[in-house]
């Protein structure tokens, strides 16, 4: 058989081989190695338990065998592991695939490993992370366009992956197996075999549904939401208090499932009056051609034209004695009895609405009765009938609320369309997904097909170029602008400025409450920051964006800042045509996000300012602007390093007390160098860095708006001749590059080091605005160390200076008097930080820390202003936004915050 | 104005679809009761019904069959005396003016639910062989122990459905209901089949096959059962679900099949919700009444199957021979004994009732009609104060 799509293209085989050649390096402690695994050709090791395992065959130690933690090469480990699972329903195909992080960093970095060692992170930790990091992509296709789906799978080569990536089995070509659930698993099995050469393994629908729902509810924060009277509200589910619950899947028919735990469920009820009834009867009665058309009709309907209401029977009066209002439906379609009207005399809109209400109420009622029967408080509704349709959700919610007298809540799931596909995905052995915790998942919202919440318009986008073209096409639709988006043409871009796409466009969405489903990043190395006083109640965001005024304001701020950002981003890549084109696409994409959020605040789930700022950074990265502020950061770092020696000299000449104040003033003053703040960008044109810095510092008149300096000073210097104990380890969360970190935080770090406190500088893993990254910090520290012995010794101790590295174990220690200065990445790429999701490095570093210093607006004000820690905390920031100043501290722009908090009990 | 004259032998239940009448027709014999304080009149309770939209037929019927015999006469429709008649149902409000104007009848409005429960309690306590089960074509009368009647669930299927937990005489609570009822059957049925009447639609459903339009479990699972969750291949997975995928229009379906699917959908749903409510309150007996059932075997069968299926045989659906007249009967029994000394025979209590089955034990369909002869009657005696 050599039909179309047959797999004998030699180039494809080459590609496969090339992939197999690229190797994944995984550091594994020597003693953990199975002796046989280092011998080439030995049989694969035994797989046991539910944990996935790496293919250790032909593993060998790379490099120097004398090293403590040699890297082991696993040549048989495919580097771009993908799983694929499908749920093929009657109208939609839901596809889920997994891809490895491209930027999966190996541990072949001496500097990093030294820090890890210093922090007591052993590579043995890897064992607790059975899942390799990667991304879960959610894609939808219409079932009648199944060829698009097959093409997509083919183009991504998803079917070529070994579905059991960690198993040692190698499947001969053409014998691949993919997990599929839904009726189409039967119907299209032959087609898959023929087109892709893969076999379909059918998974039980109910089982898939339940495991999909369990996974979502446990692993994704704010997955569930209620929907009453058009208002969405996200519900935080405690993963430890999830069971039992009732899962109501409204497909053609309705299944009502009681879920008691992982794999423990029972179909307790159901009804034959379901989505099929709505669509079937609807088709017969209205001649609608599609389910969506029928739903759309219902939005313009008036059910009182056909339904017999209580008021119709009681002459407009309520039957209040039994709690029935005049508008309660007494009999669905009951009015059609007595009137001498034909089907054609009724508006299809009214018929559709009557049907929708009849079926939704009935489902809500039967679900409620079943929940009652088993004493369940939570009912989750899913299935194709719901599909994020606002009115349907409202009707069901109303029914549950009505019958339970408010005791129960109908809840819906953001990923509800993908329950089955997720479950099928989970059914692969050894995926390790069920071990994931919510803090290990990060959802991102890239442009492209998933942009509209998995609604489909055209084939999914393959590469960046397609994406950019799509953005350009998208704009040409000339949709109406409804949100505060930049109107001024960009100065640098060449494609006609920002005509901004809007979420009103018909191409963007078909329903007012469609929820966006992003790409789920699985980052098994993320952890909850261990010093949080109470991770359960911790809320990173200070400002509640569900408040409309706040939301509008911040969306506007972001959109006003956009042209500058695009200029900077394009300039950072030399202003090439390619960069301009990508810049335009980025601007369009991000404006579209903003416009959408303006209209539908809950489109992306529960969003705080932190998420919004991160969305922007992600959007930049999506259009391959890896570091828009690269050149600015470099320039400012150089300028600041140049004046650092003078500053340090000045500081050293001061008394201890004066020095401490000057240091804190310095941190606050230097925090003015912030490219994220419009007000500050304007300042930069007015002078040199040191001038601005000194001017700013001189303005630091105490008392500051929030001023706990005295308490902090007492803690540092003691009072009444009492010498306080020094801090063991301080975690300094740094903010901006340039003066902020070099003239502000570094001198403060130096002060701690002088006092014998270990200092860990915590910086972003990925660039965000002009924030300094963990990658950049060692060079900055090295630059500073050239002129300062204290910093040099500390940096050497901390392993930051590779060339002159002192190995703590080798006995050739020179100046052992210094506490180390270390750098760890925080695991994120946003100007803010959500301390529920930090790098394992940071989590490890936090274990011995007794002081947390958060600096800058993003990390100390926008987020974490109200965060409570188990250890002492110092929050330092200059407020560079008038509204925030008023809102947060009842002050003015450029006011300062110096908040010192003892450990929270 | 004089106080209205009461006539004690008529009560109405005016629903959204049908008007139900109960009236007493005496044999003419009157006996002194044992203690002599009242007289006992022997006669029959008669039943009649009309479509609500043909309310004028009902007015005519009352004028010629009841008012004439009651000795209350109006001259040329001119109303001199108003008569007070117990009436229940939504129409008691809606048509109050009409009855007053056309017949000189003032409605003494009775609460609908109260009447319903009163009617059922009356039937279950006084009429032998009133309740029966119906399963697989087998009708079986159930003897109800009067002392062990309560609590039970009463499901009244009119245009809509009310579910009432009955704990005793006058002790009841409407605990649930559904808008998918008889009105839905007829309403949707009319739109889908162009049937003109309930009976026509019911008749059609007899000859239909629901598998043509309903999506069965077997349709989804390729003809096999989904036995893992206890669903047989012939179980309906989705009512009207097949209409989704077929390229067929409404005209391409047989009205019989449509009617059948509709009937099963609604009966099944009512049976399920009723069972869930019975379960909730631990009630073992569920009585179904109301005009939707009207003694139709297939309807009763479907409801019984639903209750049997969902309760795994634990609960039984029961039906009442006079199911359509529960409200009217309740209104009728609500004429209370009062101790005033009005000369008119206006109060009664039904002491004893014998069901007149016309010597025929097979259950007959009761068509919508104004024809008195087709209704069953209950022989009874009434004690007059």
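The values are calculated or read from the model by the stated rules, or taken from the named source; none is laboratory data. Computed from a prediction, not measured in an experiment: that's the story for all the values here. FYI the Cβ positions are ideal-geometry reconstructions off the backbone, even for glycines, and counts take in every protein chain you see.
Across the stretch A:834-870, the qualifying residues are those that are in a loop (DSSP other than H, G, I, E, B) and in contact with a strand residue (DSSP E or B) (Cβ under 6 Å, 6 or more places away or on another chain), and the one among them that is farthest from residue A:734 (Cα to Cα) is A:848. So, residue A:310, is that one buried (at least 23 other Cβ atoms within 10 Å of the Cβ), under 32 Å from the mean Cα position of the chain (by Cα) and more than 7 Å from chain B (Cβ to nearest Cβ) or not? Against the criterion (buried (at least 23 other Cβ atoms within 10 Å of the Cβ), under 32 Å from the mean Cα position of the chain (by Cα) and more than 7 Å from chain B (Cβ to nearest Cβ)), residue A:310 does not qualify. Selection over the stretch B:305-329 of residues that are within 21 Å of residue B:121 (Cβ to Cβ) and either within 14 Å of chain A (Cβ to nearest Cβ) or assigned to a helix (DSSP H, G or I) (or both) gives a count of 8.
If you filter the stretch B:234-245 down to residues that are at pLDDT below 85 and within 34 Å of the chain's Cα centre (by Cα), you find that the one that is nearest to the other protein chains (Cβ to nearest Cβ) is B:235.
Yes or no, residue by residue, for (1) closer than 14 Å to residue B:285 by Cβ; (2) buried (at least 16 other Cβ atoms within 10 Å of the Cβ); (3) in contact with a helix residue (DSSP H, G or I) (Cβ under 9 Å, 6 or more places away or on another chain):
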| site | (1), (2), (3) |
| --- | --- |
| B:111 | no, yes, yes |
| B:114 | no, yes, yes |
| B:118 | no, yes, yes |
| B:138 | no, no, no |
| B:143 | yes, no, no |
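Exactly one residue among A:259, A:268, A:248, A:273 is more than 37 Å from the chain's Cα centre (by Cα) and not in a helix (DSSP H, G or I), and that residue is A:273.
Residue by residue, here is whether (1) buried (at least 21 other Cβ atoms within 10 Å of the Cβ); (2) touching a helix residue (DSSP H, G or I) at 6+ places or on another chain (Cβ under 8 Å); (3) within 12 Å of chain B (Cβ to nearest Cβ); (4) over 18 Å from residue B:276 (Cβ atoms) holds:
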site: A:343; (1), (2), (3), (4): no, yes, yes, yes
site: A:368; (1), (2), (3), (4): yes, yes, yes, no
site: A:387; (1), (2), (3), (4): yes, yes, no, yes
site: A:398; (1), (2), (3), (4): no, yes, no, yes
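Taken together, the residues in the stretch B:278-304 that are at pLDDT 90 or above, crowded, with 24+ Cβ neighbours inside 10 Å and not in a helix (DSSP H, G or I) amount to 3. Of the helices (runs of 4 or more DSSP H) that lie entirely inside the stretch B:163-232, those containing 3 or more residues that are within 13 Å of chain A (Cβ to nearest Cβ) and either at pLDDT 90 or above or over 21 Å from the mean Cα position of the chain (by Cα) (or both) span B:182-193, B:217-220.
On inspection, residue B:123 does not qualify as touching a helix residue (DSSP H, G or I) at 6+ places or on another chain (Cβ under 7 Å), within 14 Å of another protein chain (Cβ to nearest Cβ) and under 16 Å from residue B:330 (Cα atoms).
Within the stretch A:605-626, being in contact with a strand residue (DSSP E or B) (Cβ under 8 Å, 6 or more places away or on another chain) and in a loop (DSSP other than H, G, I, E, B) holds for A:606, A:608. Each residue in the stretch A:728-779 was checked for being in a strand (DSSP E or B) and touching a helix residue (DSSP H, G or I) at 6+ places or on another chain (Cβ under 7 Å), and 9 pass. When the stretch B:144-162 is filtered for residues that are out of contact with any strand residue (DSSP E or B) (no Cβ under 7 Å at 6 or more places or on another chain), more than 18 Å from residue B:292 (Cβ to Cβ) and modelled with pLDDT under 85, the ones remaining, listed by number, are B:145, B:146, B:147. Output yes when any residue across the stretch A:345-357 is within 24 Å of residue B:290 (Cβ to Cβ) and either in contact with a strand residue (DSSP E or B) (Cβ under 9 Å, 6 or more places away or on another chain) or free of Cβ contacts under 8 Å to residues at least 24 places away in the same chain (or both), and no when none is. Looking for residues that are within 24 Å of residue B:290 (Cβ to Cβ) and either in contact with a strand residue (DSSP E or B) (Cβ under 9 Å, 6 or more places away or on another chain) or free of Cβ contacts under 8 Å to residues at least 24 places away in the same chain (or both), one finds at least one in the stretch A:345-357, hence yes.
For the stretch B:246-259, the set of residues classified as modelled with pLDDT of 90 or more, over 23 Å from residue A:90 (Cα atoms) and assigned to a helix (DSSP H, G or I) consists of B:255, B:256, B:257, B:259, listed by residue number.
Answer yes if at least one residue in the stretch A:705-720 is more than 16 Å from residue A:662 (Cβ to Cβ), at pLDDT 90 or above and assigned to a loop (DSSP other than H, G, I, E, B), and no otherwise. Checking the stretch A:705-720: at least one residue is more than 16 Å from residue A:662 (Cβ to Cβ), at pLDDT 90 or above and assigned to a loop (DSSP other than H, G, I, E, B). Residue B:262 - would you say it is modelled with pLDDT of 90 or more, within 11 Å of chain A (Cβ to nearest Cβ), part of a helix (DSSP H, G or I) and closer than 29 Å to residue B:132 by Cα? So residue B:262 fits the description; yes.
Taking the stretch A:567-604 as the range and being outside any helix (DSSP H, G or I) and modelled with pLDDT under 85 as the test, the residues that pass are A:600, A:601, A:602, A:603, A:604.
Yes or no, residue by residue, for (1) modelled with pLDDT under 90; (2) within 35 Å of the chain's Cα centre (by Cα); (3) surrounded by fewer than 24 Cβ atoms within 10 Å (Cβ to Cβ):
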{"position": "A:353", "(1), (2), (3)": "no, no, no"}
{"position": "A:364", "(1), (2), (3)": "no, yes, no"}
{"position": "A:371", "(1), (2), (3)": "no, yes, no"}
{"position": "A:392", "(1), (2), (3)": "yes, yes, no"}
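Here B:140, B:130, B:112 are screened, and the one residue that is touching a residue at least 12 places away in the same chain (Cβ under 8 Å), in contact with a strand residue (DSSP E or B) (Cβ under 6 Å, 6 or more places away or on another chain) and more than 13 Å from chain A (Cβ to nearest Cβ) is B:130.
On the stretch given as the stretch A:276-290, residues that are in a helix (DSSP H, G or I) and either facing chain B (nearest Cβ under 8 Å) or free of Cβ contacts under 8 Å to residues at least 24 places away in the same chain (or both) total 8.
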